[in-house]
Amino acid sequence: MKFLDVLAGGAAWPPPLWLMRQAGRYLPEYRAVREKAGDFVSLCLNPELAEEVTLQPIRKFGFDAAILFSDILILPMALGQGLRFAEGEGPRLPPLEDVGLLKPDRAAGIYAPVIETVGRVRQSLPKETALIGFAGGPATVACYMLDGQGGAFCRTKRLAYERPGFVREVLELLTGASVEYLSAQVSAGADCVMLFESWAGIFPPDQFREFVIKPTRIICDELKKRHPGVKIIGFPRLAGLMLGEYARGSGVDAVGLDSVTEIASARAVCPPGMALQGNLDPLLLKLGGQALEEAVKGLMEEVRGYPHILNLGHGITPDVPEAHVKRLVELVRQG
Ligand code: 1CP
C-alpha cells in the first residue's frame, strides 16, 4: 500500500493524498446522510451511516486513505461526560470537575459502534486504500473536557498552573483510555492511526513536554507493543519550535504539519527520513484559481523525493467547492 510505504519512510511519486475532514459538510451526500441520522453524535454511533460517509469521499475523489468517520469527543462521551453539538456552534460538554465521575470501565461498551464501523469500512474499501483510525491527543481532548467547549481554553490554561495534579489525573485517564480505544481500532482493521493534537500550541514548553509529548510517548509505546509495526501519525498543531522535540520524543512515525510551518524547517528538526504530512492552507482550497494552482505546484516541488503525504494544514471547511477538490486531486495525480 503506497500510503503505508510512505509512512514507513519511502518516497513515492506522485505523493499519496487525503484531506483532513474529507467527509463532511462540503459534500451534499454527507449533508443528506447527516439529516437522516438526526444529530451528529447519532451519526458517529451508527455503523451503517458512519461507514457510508467514510466511503463517500473515496468514491468521489479516490483519495489514498479513508479516515474513520467519528470525532475526537466520542471518547470523553464514552467515558461518561455529557456531549452535545449545538447547531452551528460546535461541541458542548459539562466542564469536568472530578475525574472520579468518569467511568473508564464502561467506555468500550459505548464506543463499540465506532469499532464496528472500522471493521465494516475495511471490508468495503479498495485494497490499495488505507484506513486511518484516530483519537484526539490527550491534551486536546482534556482541553474540551475541562473547558466544555472550543475557544481559548482559559480554564484548562489556568488549571495547568493552579491544579497541575488535577490536569495530570485527567491526562493519565485519557492516555490509558486512548490506548484501549486505538488498539481496538487497529484490531478491527485500521491500517494506521492518527493522534489529533490540535491545541498542542497553547502550552508553553514545559507543559508541552508533560501534557503533549509524555502522554503521546506512552500511547505510542503501548500500541506498538500490542501491534508490532503499527504506524502512528501525530499532528501537534501549532507546535512551533517544539516540533522537533515532539517528532524525536513522542514515538510517532510521522508528523502532520500545520500551514504555518515551513516544510524545510520541519525537515531540519525531525529525524532524518521521517514521513511528513500536510500542509496546504485550507483557505486555498476554498479560493481555488491561480492561488491554488501555484501553491500546489510549489508544495509538490518541495516534497518530491521525500516521504510525504499530501494534505491540508488543518481540516477542510464546509464552504469549499467540490470542483476545487477535484482540481487538487488532478494536480497531485499528474505529478
Ligand atoms: O455538523 C456536522 O456535520 C459536524 C461537523 C463535524 C465533523 C464532520 C465535527 C464536529 N466533527 C466531524 C468529524 C471529524 N472530526 C473527523 C472525521 C474524519 C474526517 O473526515 O477527518 C475527525 C478526524 C475529527 C477530529 C476533530 N474533532 C478534531 C481534531 C481535528 C481538528 O479539526 O482540529 C477536533 C478539534 C474536533 C472537535 C470538533 N468536532 C466538530 C467540531 C465543529 C469540532 C471543533 C470545535 C471547535 O471549534 O473547537
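The values are calculated or read from the model by the stated rules, or taken from the named source; none is laboratory data. All values reported here derive from a predicted model rather than from experimental measurement. Reconstructed Cβ throughout: ideal geometry from the backbone, glycine too, with neighbour counts over all protein chains shown.
Summary of computed values
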| item | result |
| --- | --- |
| Condition broken by L238, with the remaining ones in (1) more than 16 Å from the ligand (Cβ to nearest atom); (2) on the phi > 0 side of the Ramachandran plot satisfied | (1) |
| Matching residues in the stretch 111-135 - criterion: being polar (S, T, N, Q) and part of a loop (DSSP other than H, G, I, E, B) | T129 |
| Search result, residues across the stretch 33-64 that are of a type in the set (G, A, S) and touching a residue at least 24 places away in the same chain (Cβ under 8 Å) | A50, G62 |
| Where a residue in the stretch 19-32 is within 20 Å of D64 (Cα to Cα) and its partner, wherever it lies, is near the ligand (Cβ under 8 Å from one of its atoms) and among the hydroxyl-bearing types (S, T, Y), with Cβ under 7 Å and at least six apart | A23/Y30; A23/T54; G24/Y30 |
| Positions within the stretch 136-158 being free of Cβ contacts under 8 Å to residues at least 60 places away in the same chain and outside any loop (DSSP other than H, G, I, E, B), in sequence order | C143, L146, D147, C154, T156, K157, R158 |
| Top-ranked residue of the stretch 320-331 - restricted to ones that are surrounded by 17 or more Cβ atoms within 10 Å (Cβ to Cβ) and farther than 12 Å from F61 by Cα, ranked as nearest to the chain's Cα centre (by Cα) | V320 |
| Residue satisfying all of: in the stretch 85-98; over 14 Å from V141 (Cα atoms) and at pLDDT 95 or above; farthest from the ligand (Cβ to nearest atom) among these | D98 |
| Residue check, Y161 under 15 Å from L79 (Cβ atoms) and assigned to a helix (DSSP H, G or I) | no |
| The stretch 312-327 residues that are within 26 Å of V255 (Cβ to Cβ) and among the polar types (S, T, N, Q), paired with ones that are assigned to a loop (DSSP other than H, G, I, E, B) and within 13 Å of the ligand (Cβ to nearest atom) (beta carbon under 9 Å, 6 or more apart) | T317/R21; T317/G24; T317/R25; T317/Y26 |
| Among the residues listed as I132, I110, the single one being in contact with an Asp or Glu (Cβ under 8 Å, 6 or more places away or on another chain) and in contact (Cβ under 8 Å) with a residue 24 or more places away in the chain | I132 |
| Check on P318, touching a Gly at 6+ places or on another chain (Cβ under 7 Å) and outside any helix (DSSP H, G or I) | yes |
| Of all residues in the stretch 298-315 being of a type outside the set (A, V, I, L, M, F, W, C) and assigned to a strand (DSSP E or B), the one that is farthest from A275 (Cα to Cα) | N311 |
| Residues satisfying the stated conditions in the stretch 307-319, i.e. of a type outside the set (A, V, I, L, M, F, W, C) and surrounded by 18 or more Cβ atoms within 10 Å (Cβ to Cβ) | P307, H308, N311, G313, H314 |
| Condition met for R106 (exposed (fewer than 15 other Cβ atoms within 10 Å of the Cβ), within 14 Å of the ligand (Cβ to nearest atom), over 17 Å from the mean Cα position of the chain (by Cα) and not in a loop (DSSP other than H, G, I, E, B)) | no |
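Conditions tested, residue by residue: (1) over 23 Å from E245 (Cα atoms); (2) within 16 Å of the ligand (Cβ to nearest atom).
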{"position": "T261", "(1), (2)": "no, yes"}
{"position": "S265", "(1), (2)": "no, no"}
{"position": "P271", "(1), (2)": "no, no"}
{"position": "A275", "(1), (2)": "no, no"}
{"position": "L299", "(1), (2)": "yes, no"}
{"position": "P321", "(1), (2)": "yes, no"}
{"position": "H324", "(1), (2)": "yes, no"}
{"position": "E330", "(1), (2)": "yes, no"}
{"position": "Q334", "(1), (2)": "yes, no"}
